[in-house]
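Okay, structure first, notes after.
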Amino acid sequence: MDIRSLSLMVVEDQAVQRQVAVGMLRSLGVSAIHEAADGYQALDALRAAPESPDVIVCDLRMPGMDGIEFIRHLGESKSASSIILASALDPTLLSSVEAMARAQGLSVLGTIPKPLSRDRLGELLGRFERPDLLGPNAGQPRASANELEEAIADGQIVAYFQPKLHVEDGTIAGAEALARWHHPRRGVVGPGEFIPLAEECGLIDALTWVMLEQSMDELNTWRRAGQDWAVSVNLSLPYLEYNGAADRIAGLAERHGVDPRHVVLEITESLASANLAPVLGNVARLRMKGFGVAIDDYGTGYSSLKQLASIPFTELKVDQTFVHNAKGNRQREAILASSVELARRLQLVSVAEGVETQSDLSVLETLGCDLVQGFLFARPMAAPDFAAWAEI
């Protein structure tokens, strides 16, 4: 993404600091910049504008309507703008506001302490992605069940691959397969739009099957290139409630000539309220057949320790919430350290997702985390692009 093409809004009550931010943005090549002195003024400007700005750089401590209240209004209005939080407040408070914004469905590019850094501002703007890559936006109607069903049948759901690397030496351990919808009119649509829809309308089985098939095809491509990598595929717990799910997955691996030890099935802990009896049965049988099983988004769901005690996991994936900007953040560092240590004691492979900076990586190196993935190394890529990136 060329940041020079972005439109920005700076919400800052101090005129001098606002001009400093605007000057930095102009030096980065951004020309479309709007200004507001507090949340009220910013909301008025947004209502009057024909289009929302791509990114809003927002201070938190302001008279009138402060940044926290302004962000709440953005969330309620389903704003398509991405957010950068700029403040001299304690990093723990910044993290809390960032979590609040994400919980309301807003895209948060990150936080930047004051005084502002031009390099950090440019880095955060470089993370911006068009809304269609992130999920639904106000300008597009939500996809229908029939449309998604046709997309699955027509091969429009495509597996993208994000590399997972060994922390110790930076070599490739494998990749996580992530679903993308190659929409004939809207281009590439991210999973936030269609995965929940698939679960709601009973299409998660078909969608999961497509991802498993494409992932195993790619595994064979890696094998032919002489690479002993593993592929991780997300499974929703509703899929694992189906009787015979383990046998179907094992049968697919056998037909593709894939060794189950090269397939890691990721289960999100946020769905821990599912009917666990069939889930536990299927997972136990998958482990018995040699498949790996990862607990995904660890630390964000319900009863994490209970799930670790009852399901035979082989990997623990720490959620990006605790990974990014962990350095210097007491809470994040403590949670990250305890998660990596827990994985070590349970003899699980520890995986950190959402690694975006060298600072993130250095913390994980110090803690002895096993594997990492994130934008610092590569974004999810279509299979041919992944092969080119990995030089195979």
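The values are calculated or read from the model by the stated rules, or taken from the named source; none is laboratory data. All figures in this text were calculated on a predicted structure; none of them were measured in a lab. Every residue, glycine among them, receives a Cβ derived from its backbone with ideal geometry; neighbour counts consider all protein chains shown.
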Exercise. Could you say whether any residue in the stretch 326-333 is in contact with a strand residue (DSSP E or B) (Cβ under 8 Å, 6 or more places away or on another chain), at positive phi and either touching a residue at least 24 places away in the same chain (Cβ under 8 Å) or not acidic (Asp, Glu) (or both)?
Worked result: no
For this session: Pull up the stretch 341-392, narrow it to residues that are assigned to a loop (DSSP other than H, G, I, E, B), crowded, with 16+ Cβ neighbours inside 10 Å and β-branched (Val, Ile, Thr), then point me to the one that is farthest from the chain's Cα centre (by Cα).
Result: THR357
Exercise. With GLU341, GLU254 as the choices, which residue is under 30 Å from ASP217 (Cβ atoms), at pLDDT 85 or above and in the same structural domain as CYS369 (by TED's automatic domain parsing)?
Worked result: GLU254
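In a loop (DSSP other than H, G, I, E, B) and of a type in the set (Gly, Ala, Ser): does that describe GLY202? Break it down into steps so the answer makes sense when it comes.
Numbers: in a loop (DSSP other than H, G, I, E, B): yes; of a type in the set (Gly, Ala, Ser): yes.
The answer is yes for GLY202.
In the stretch 205-246, what residues are of a type in the set (A, V, I, L, M) and either within 19 Å of ALA143 (Cβ to Cβ) or part of a helix (DSSP H, G or I) (or both)?
Hits for the stretch 205-246 are ALA206, LEU207, VAL210, MET211, LEU212, MET216, LEU219, LEU237, LEU240, ALA245, ALA246.
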Exercise. Across the stretch 210-222, what is the number of residues that are of a type outside the set (A, V, I, L, M) and touching a Phe, Trp or Tyr at 6+ places or on another chain (Cβ under 9 Å)?
Worked result: 3
Problem set entry | Scan of the stretch 32-61 for residues that are buried (at least 20 other Cβ atoms within 10 Å of the Cβ) and touching a Phe, Trp or Tyr at 6+ places or on another chain (Cβ under 8 Å), ordered by number | GLY39, ALA42, ASP54, VAL55, CYS58
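In the stretch 310-329, how many residues are under 18 Å from the mean Cα position of the chain (by Cα) and either within 16 Å of ARG345 (Cα to Cα) or in a loop (DSSP other than H, G, I, E, B) (or both)?
Residues in the stretch 310-329 being under 18 Å from the mean Cα position of the chain (by Cα) and either within 16 Å of ARG345 (Cα to Cα) or in a loop (DSSP other than H, G, I, E, B) (or both): 8 in total.
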